[in-house]
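Take a look at the structure set out below.
Quick note: the coordinates plus some simple rules give every number you see, no bench work behind them. Values in this document were obtained by computation on a predicted structure and should not be read as measured data. Here the Cβ positions follow ideal geometry from the backbone for every residue, glycine too, while neighbour counts run over all protein chains shown.
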């Protein structure tokens, strides 16, 4: 009986530097479960390519001319069956991680990540998970101190603190539930309690205030 090869993860690469694209393509080509099926030098070329070729994951540079990686994410998240996007950057800026999460990226990595870390991120994102590099809270605290620094109504349990950290990493309610082994509905209940304690009304404000008050 012939062996059935596992399905390869089909990848689209977008980077305005041809040498970077070539290097990534050569690197990923060394893994039997990965296949680069489309390349683009900017967001517009990428959008055109995705209309012609079906892919499982988009690997996209943040800084590109005309249409950057954040804009690519914003465009794709409004399309049905759009592939998830992993953003890559050379800039270790906490603002980029926040913007990547807000734009709808499912992955965010620095370009100096190891090959195995990159491949692992691709595999996890292709499987439906989010992998956002942990946000450097000190940098966020210095730049985005939240205006309302009033004392929370109560203390935070270890689980609530863990949920806040996952929120800061851009995880969805479903992904948070998977990470801490509770139902998605239970996560929503935790979030309501967290928002009430912090006196905030949404995820972004809750994270920024928690970082400002050094809860996370």
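Of all the options 201, 63, 106, the one that moves most in a Gaussian network model of the chain with Cα springs shorter than 10 angstrom is 201. Taking the chain as a Gaussian network of alpha-carbon nodes connected by springs under 10 Å, the highest mean-square fluctuation of the residues 22, 170, 107 belongs to 22.
Between the Cα long axis of helix 18-28 and the first principal axis of the chain there is an angle of about 90°, rounded to the nearest 10.
Calculate the tail of P(r) for the range 49-97: the fraction of all Cα-Cα distances greater than 16 Å, expressed in %. Mind dumping the intermediate values first?
On the way: 488 of 1176 pairs.
In whole percent, the share of Cα-Cα pairs in the range 49-97 beyond 16 Å is 41.
With q set to 0.20, 0.27 Å⁻¹, the log10 of I(q)/I(0) for the range 137-212, from the Debye formula over equal scatterers at the Cα positions, is -0.83, -1.36. Calculated from the structure at hand, Cα extents along the principal axes in Å is found among [x] 59, 47, 32; [y] 63, 57, 37; [z] 65, 45, 32 as [x]. This ranking places 121, 90, 161 by how few other beta-carbon atoms lie within 10 Å of each, fewest first, which gives 90, 161, 121. Between residue 196 and residue 111, residue separation times 0.36 nm minus the direct Cα-Cα distance comes to 26.8 nm. Computed over the chain with a Gaussian network model linking Cα atoms closer than 10 Å, the most mobile of 179, 80, 206 is 80. Listing 192, 64 from fewest to most neighbouring C-beta atoms within 10 Å gives 192, 64.
Work the Kirkwood hydrodynamic radius out for the range 9-132: mean of 1/r over every pair of different alpha-carbon atoms, inverted, in Å. Working shown, then result.
Numbers: mean 1/r = 0.0714 Å⁻¹.
Final number for the Kirkwood radius of the range 9-132 is 14.0 Å.
Helix 203-212 axis versus longest C-alpha principal axis of the chain: approximately 70°, rounded to the nearest ten. Taking the longest Cα principal axis of the chain as reference, the axis of helix 184-198 is set at about 50 degrees.
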